[in-house]
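The values are calculated or read from the model by the stated rules, or taken from the named source; none is laboratory data. Bear in mind that the values here come from a model prediction, so they are computed numbers and not experimental data. All Cβ positions, even for glycine, are placed from backbone atoms using ideal geometry, and neighbour counts span all protein chains on display. Just the protein is used for accessible areas: all its heavy atoms, side chains included, with ligands, DNA and RNA removed. Shrake-Rupley method; radii C 1.70, N 1.55, O 1.52, S 1.80 Å.
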Amino acid sequence: MMRVLLAEDQSLVLGALAALLNMESDIEVVGCASDGEMAWRELQRLKPDVLVTDIEMPGLSGLELAQRVQRHALPIKVVIVTTFARAGFLRRALDAGVAGYLLKDAPAEKLAEALRSVQRGGRAIDPQLAIEAWSEADPLSDRERQVLRLAGEGVAASEIARRLNLTHGTVRNYLSEAIGKLGVSNRIEAYRLARQKGWL
């Protein structure tokens, strides 16, 4: 029996996923989490075989959860189910050791098949997205991504510096590097473009 933990902040989607997977004779949904931090706690408590998570959630994103699982070397396979058909997200997910990346509009039976494949040690990646993922590399460093995300959310440079333990000048340097790499004229455009590409 495959033990699955679901992490999804939209309760309708969470309920539908749980109902769908519980209909499978070899899959048991052992827990549900509505945000990233809760999912992290439940992962450690329940020790499921597979975590099925959305990307954008309050607290920790699905990508950050996958990175934590990888960093702590937990024996849990991570499958992302998302509406974001963005190659940049997939590349970052693969870098974080994610074993599956599926779109929410895929047929329902595909999810159970994907989980079985992942459980056996395989990968389950949306094929069209896999092709796109290698067409354009993410130019941002992790630090530039952090700074740009906060700036795009309207956080002032001095507050970004405080939160990330950086100097004000370093924050400005990271922002100007990101703007230069993305070939745009200001931080708002940089944030918009990076989000559209799935690099944030």
Quiz item: Which helices (runs of 4 or more DSSP H) does segment 1-105 wholly contain that include 3 or more residues that are aromatic (Phe, Trp, Tyr)?
Solution: none
Self-check item: Enumeration of residues in segment 19-44 that are over 20 Å from Arg120 (Cβ atoms), surrounded by fewer than 18 Cβ atoms within 10 Å (Cβ to Cβ) and of a type outside the set (A, V, I, L, M)
Solution: Asn22, Ser34, Asp35, Glu37, Arg41, Gln44
Self-check item: Whichever residue in segment 150-194 is in a helix (DSSP H, G or I) and of a type in the set (Val, Ile, Thr) and, among such residues, is surrounded by the fewest Cβ atoms within 10 Å (Cβ to Cβ)
Solution: Ile188
Exercise. Go through the residues of segment 45-52 one by one and say whether even a single one is at pLDDT below 95, out of contact with any Phe, Trp or Tyr (no Cβ under 6 Å at 6 or more places or on another chain) and open to solvent by 10 Å² or more (accessible area, probe 1.4 Å).
Key: no
Quiz item: When only residues in segment 62-93 that are among the hydrophobic types (A, V, I, L, M, F, W, C), open to solvent by 40 Å² or more (accessible area, probe 1.4 Å) and modelled with pLDDT of 85 or more count, which is farthest from Asp35 (Cα to Cα)?
Solution: Ala73
Quiz prompt | segment 22-41 residues that are free of Cβ contacts under 8 Å to residues at least 60 places away in the same chain and within 14 Å of Met1 (Cβ to Cβ), paired with ones that are open to solvent by 30 Å² or more (accessible area, probe 1.4 Å) and in a strand (DSSP E or B) (beta carbon under 8 Å, 6 or more apart) | solution = Asn22/Glu28; Glu28/Arg3; Val30/Arg3
Quiz item: Taking segment 94-110 as the search range and keeping residues that are within 15 Å of Gln67 (Cα to Cα) and at pLDDT 90 or above, which one is surrounded by the fewest Cβ atoms within 10 Å (Cβ to Cβ)?
Solution: Gly97
Quiz item: For segment 1-18, how many residues are touching a Pro at 6+ places or on another chain (Cβ under 8 Å), over 17 Å from Asp54 (Cβ atoms) and open to solvent by less than 60 Å² (accessible area, probe 1.4 Å)?
Solution: 0
Exercise. Evaluate the following for Asp138: is it more than 21 Å from His72 (Cα to Cα) and either open to solvent by 70 Å² or more (accessible area, probe 1.4 Å) or part of a helix (DSSP H, G or I) (or both)?
Key: no
Quiz item: Applying the selection to segment 165-200, what residues are touching a residue at least 40 places away in the same chain (Cβ under 8 Å), out of contact with any Pro (no Cβ under 9 Å at 6 or more places or on another chain) and basic (Lys, Arg)?
Solution: Arg192, Arg195, Lys197
Exercise. Only residues in segment 68-94 that are among the hydroxyl-bearing types (Ser, Thr, Tyr) count as the first member; pair them with residues that are assigned to a loop (DSSP other than H, G, I, E, B) and surrounded by 18 or more Cβ atoms within 10 Å (Cβ to Cβ), Cβ under 7 angstrom, at least 6 apart or cross-chain, and list the lot.
Key: Thr82/Asp54; Thr82/Ile55
